[in-house]
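**Q** One structure coming up, written as structure tokens, with questions to follow.
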Amino acid sequence: MRRRSNRRDANRFENAGRLAAAIAQHPRESVAIFMSTAAVFAILINALFLQKGPHPAPIFATRVLLQNEAAMPPRAHSAPTAPATDHALQARVQLITNIQRELTRKGFYDGPADGIWGAKTDAAARDFVQAGGSKIGAEASDALLRAVMASASKTAVSTAATPGPAAADPIAKLIAPSKRVASIQRALSDFGDGQIKVTGNFEPDTKVTIEKFERDHHLPVTGQMSDRVVRELAAMTGRPLE
């Protein structure tokens with residue numbers, strides 16, 4: 001046993017001598033190898049044992065981190081807050097309610113003011129637009145509300161839209177048959193010297209007959225139904241002609 005131990009010690013001394021001889025022959029290369037080996041060990045020790053947190057480019061933890069990230073559930077996107085949506089909905093409900101109330105006041109709508117634009121409200125809005133001849137659309141809008149508020153009631157709108165009797169035509173009134181002319185023509189036909197038709201219109205043969213009557217009764221010849229001609233004829237018939 002002692003011999004084997006001696007041999008091992010001899011081998012160690014021999015290897016150490018060879019290493020020393022190699023270092024002595026190549027001092028620069030030996031120093032470079034030593035420094036490189038020391039730097040590698042220093043980097044490994046720093047990366048594995050001296051870092052408190054995860055290394056920016058971890059050596060062994062890369063696959064584990066990726067697996068952990070893959071196993072993590074995706075972040076749920078927070079639902080957008082809806083105060084703006086609720087405010088817009090409330091504003092529309094209030095607008096429709098106001099339109100329904102105004103349509104009710106004006107006689108176009110007889111349903112509840114519930115803020116719901118249903119078939120009955122739509123029909124009332126269309127009825128209002130058609131009755132007033134407005135160019136605005138029959139849908140819930142501020143323009144429709146203002147138009148209903150500024151308009152008259154349904155009865156007043158219908159009365160204004162109904163055409164009244166046509167104004168009397170003055171020309172037609174002049175050429176229409178006259179009771180006075182008809183009475184004078186009848187008196188001339190009965191007590192004058194000419195036979196004329198009783199039409200109520202002052203025609204050429206009526207004028208000629210009056211001229212003849214004026215000459216026969218020594219009156220100024222005018223051919224017109226003057227007050228003097230009317231008085232003479234009334235005296236002859238014994239009754240007023242007008």
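The values are calculated or read from the model by the stated rules, or taken from the named source; none is laboratory data. No experiment lies behind these values; they were computed from the predicted model shown. Cβ atoms come from the backbone with ideal geometry, glycine included; neighbour counts cover every protein chain shown.
**Q** Among the listed residues VAL198, VAL221, VAL229, VAL157, which satisfies the condition of being in a loop (DSSP other than H, G, I, E, B), modelled with pLDDT under 85 and in contact with a helix residue (DSSP H, G or I) (Cβ under 7 Å, 6 or more places away or on another chain)?
**A** Going through VAL198, VAL221, VAL229, VAL157 in turn, just one is in a loop (DSSP other than H, G, I, E, B), modelled with pLDDT under 85 and in contact with a helix residue (DSSP H, G or I) (Cβ under 7 Å, 6 or more places away or on another chain): VAL198.
**Q** Residues of region 206-223 being of a type outside the set (Val, Ile, Thr) and surrounded by 13 or more Cβ atoms within 10 Å (Cβ to Cβ), which ones?
**A** LYS207, GLU211, LYS212, PHE213, GLU214, HIS217, LEU219, GLY223
**Q** Scan region 121-143 residue by residue and report those that are surrounded by 15 or more Cβ atoms within 10 Å (Cβ to Cβ) and over 17 Å from the mean Cα position of the chain (by Cα).
**A** The answer is ALA124, ASP127, ALA131, GLY132.
**Q** OK, next. What helices (runs of 4 or more DSSP H), lying completely within region 1-102, carry at least 2 residues that are at pLDDT 80 or above, of a type in the set (S, T, N, Q) and outside the structural domain of MET149 (by TED's automatic domain parsing)?
**A** Ranges flagged: 27-45.
**Q** Here's something else I'd like to know. Could you give me the residue pairs with C-beta distances under 6 Å whose first residue belongs to region 118-141 and is farther than 18 Å from THR155 by Cβ and without any contact (Cβ under 8 Å) to a residue 12 or more places away in the chain, whose second residue is not in a helix (DSSP H, G or I) and not polar (S, T, N, Q) wherever it lies, and which are 6+ apart or on separate chains?
**A** LYS120/GLY111
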